[in-house]
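Written out below as structure tokens is the structure these notes cover.
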Amino acid sequence: RSENPGVFAGGWLPASDQWIDSRSPVDGSSLGKVSLATLEDYHQTVKTTREAFLDWRTWPAPRRGEVVRRIGEALRERRDPLGRLVAAEMGKILPEGIGEVQEMIDIADFSVGLSRQLYGLTMHSERPGHRMYEQWHPLGVVGCITAFNFPVAVWSWNALVAAVCGDAVIWKPSSSTPLCAIAVQNIAQEVLDEMGAPPIFGLVVADRDPVGEAMLADRNLPLVSATGSCRMGRRVAEVVGTRLGRTLLELGGNNAIVVSDQADLDLAMRAVVFGACGTAGQRCTSTRRLFLHEDIADEMESRLIAAYQQVKIGDPLEEETLMGPLVRQGAVDDMMAALVAIQEQGGEVVYGGKSVTDGVPEGGYYVQPTLVRARHDMEIVHEETFAPILYLMRYRDL
């Protein structure tokens, strides 16, 4: 649809007068407009979702698991088109988009099993005719803040586990991928309606301020799960912690692989290329640092340069593409700024490092995956640049 409401509180609320235009990083085209939640919309969502929680927590856990099982089946039926939407709106290649939806299906299956394993201990009591037992109770309404790079899977990791535990969830997705969130909301709500379940999943497409900040400070949300940068995580932990709330934080990474002189270089090369180039380096699990033993460093570097030259960059919906675009122009700018800093600090770009315009859709945000000779004492090496930059560093046996 060209225009989409961005707030679900037991039903889709009327659109506000503020809109965002979801543009595909593939070619810059508009995929659709989404209305932003106001602060009043947020409070209405909390009220409605909490009422749903009070009903949902009384459902037996296996019955809640059956609802989640049906959500998993609904996702199976729509796996490929939903994966295609992920690729179009976020920019990851189609196999990754479909794979992300498969992760949702897998977590649904896991959660169904969990619904029959909510065990507690039983203990002898010192009082005659009595026993003690442990029973887990639902926590309440969970706030779920997700990032653009996994626009559907992260919601499922939180929401489907929460659902079998008897909790409800309010989702604030990334404003870069709101259509993916709306699609998932519709799929899940269709199942809830079929099963006669209360509307335990709320949705607010909104900016950080005021709605995002309101979520962090809201005592109606005893737990806030947030995925994003370390800077964002510090803010979430600070505000939620001030009110003695709980947090689940999945934040940035600066992951390294060590390749020894005994390594299988064919295997290592494949692992490194996938780890560094997959999702165009836009994962907290992306490989960003590579420590190479001096005896194999030259050979490994040569192999990587040859492999990087074969990485097909382009439209993520095309079958032969191995790396799609970055999510927005700002991400390209951040990568280029990092490369300037790298060279100022003594690093050397040995492959890549440029924007790509030939052979890719016009209007997209395409870059070359980049190999950099670096030292571990360089400041930039200790920072996470959300782009396909891999630092090559050498070591010698101690």
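The values are calculated or read from the model by the stated rules, or taken from the named source; none is laboratory data. All values reported here derive from a predicted model rather than from experimental measurement. All Cβ positions, even for glycine, are placed from backbone atoms using ideal geometry, and neighbour counts span all protein chains on display. Accessible surface areas use protein heavy atoms only, side chains included; no ligands, DNA or RNA. Shrake-Rupley method; radii C 1.70, N 1.55, O 1.52, S 1.80 Å.
Taken residue by residue, region 290-297 has at least one member that is farther than 30 Å from residue 140 by Cβ, out of contact with any Phe, Trp or Tyr (no Cβ under 6 Å at 6 or more places or on another chain), open to solvent by 40 Å² or more (accessible area, probe 1.4 Å) and touching a residue at least 24 places away in the same chain (Cβ under 8 Å). For region 185-218, filtered to residues that are open to solvent by less than 10 Å² (accessible area, probe 1.4 Å) and out of contact with any helix residue (DSSP H, G or I) (no Cβ under 6 Å at 6 or more places or on another chain), the residue that is nearest to residue 22 (Cα to Cα) is 206.
Scanning region 1-44 for residues that are assigned to a loop (DSSP other than H, G, I, E, B) and open to solvent by 30 Å² or more (accessible area, probe 1.4 Å) returns 1, 2, 10, 13, 14, 15, 17, 18, 27, 29, 38. Scan region 367-388 residue by residue and report those that are open to solvent by less than 20 Å² (accessible area, probe 1.4 Å) and more than 14 Å from residue 280 (Cα to Cα). Hits for region 367-388 are 372, 374, 378, 380, 381. Inside region 301-360, residues that are buried (at least 16 other Cβ atoms within 10 Å of the Cβ) and among the polar types (S, T, N, Q) make up a count of 1.
Among 395, 391, which is the only one that is hydroxyl-bearing (Ser, Thr, Tyr), open to solvent by less than 20 Å² (accessible area, probe 1.4 Å), in contact (Cβ under 8 Å) with a residue 24 or more places away in the chain and within 15 Å of residue 290 (Cα to Cα)?
On the way: 395 fails: open to solvent by less than 20 Å² (accessible area, probe 1.4 Å).
That would be 391, the only listed residue that is hydroxyl-bearing (Ser, Thr, Tyr), open to solvent by less than 20 Å² (accessible area, probe 1.4 Å), in contact (Cβ under 8 Å) with a residue 24 or more places away in the chain and within 15 Å of residue 290 (Cα to Cα).
Number of residues in region 268-309 that are of a type in the set (Gly, Ala, Ser) and under 22 Å from residue 90 (Cβ atoms): the value is 6.
So, of the residues in region 47-68 that are open to solvent by 10 Å² or more (accessible area, probe 1.4 Å) and β-branched (Val, Ile, Thr), which turns out to be nearest to residue 96 (Cα to Cα)? Per the criteria, the residue is 48.
From 248, 244, grab the single residue that is in contact (Cβ under 8 Å) with a residue 60 or more places away in the chain, of a type outside the set (Lys, Arg) and open to solvent by 20 Å² or more (accessible area, probe 1.4 Å). Every option except 248 fails the conditions. Checked against the criteria, residue 149 does not count as modelled with pLDDT of 95 or more, closer than 26 Å to residue 185 by Cα, surrounded by 11 or more Cβ atoms within 10 Å (Cβ to Cβ) and in contact with a strand residue (DSSP E or B) (Cβ under 8 Å, 6 or more places away or on another chain).
Just one residue in the set 71, 105, 93 is surrounded by fewer than 22 Cβ atoms within 10 Å (Cβ to Cβ), hydrophobic (A, V, I, L, M, F, W, C) and touching a helix residue (DSSP H, G or I) at 6+ places or on another chain (Cβ under 7 Å); that residue is 105. Among the residues making up region 112-167, those that are aromatic (Phe, Trp, Tyr) and farther than 30 Å from residue 178 by Cα are 119, 133, 136.
The criterion of at least 1 residues that are of a type in the set (Ser, Thr, Tyr) and modelled with pLDDT of 95 or more is met by the following helices (runs of 4 or more DSSP H) wholly inside region 230-348: 230-242, 294-309. Among the residues making up region 259-289, those that are open to solvent by 60 Å² or more (accessible area, probe 1.4 Å) and either under 30 Å from residue 218 (Cβ atoms) or under 26 Å from the mean Cα position of the chain (by Cα) (or both) are 270, 274, 285.
For region 105-204, list the strands (runs of 3 or more DSSP E) that sit wholly inside it and hold at least 3 residues that are out of contact with any Phe, Trp or Tyr (no Cβ under 6 Å at 6 or more places or on another chain) and touching a residue at least 12 places away in the same chain (Cβ under 8 Å); which are they?
Numbers: elements: 122-124, 131-133, 141-145, 168-172, 201-204.
Hits in region 105-204: 141-145.
Just for region 253-270: of the residues that are among the aliphatic types (A, V, I, L, M) and out of contact with any helix residue (DSSP H, G or I) (no Cβ under 8 Å at 6 or more places or on another chain), which one is farthest from residue 289 (Cα to Cα)? Explain how you work it out, then say what you get.
Step one: of region 253-270, the residues among the aliphatic types (A, V, I, L, M) are 256-259, 263, 265, 267-269.
Now drop any that are not out of contact with any helix residue (DSSP H, G or I) (no Cβ under 8 Å at 6 or more places or on another chain), which leaves 256, 258, 267.
Numbers: 256: 4, 258: 9, 267: 17 Å.
Ranking the candidates gives 267 first.
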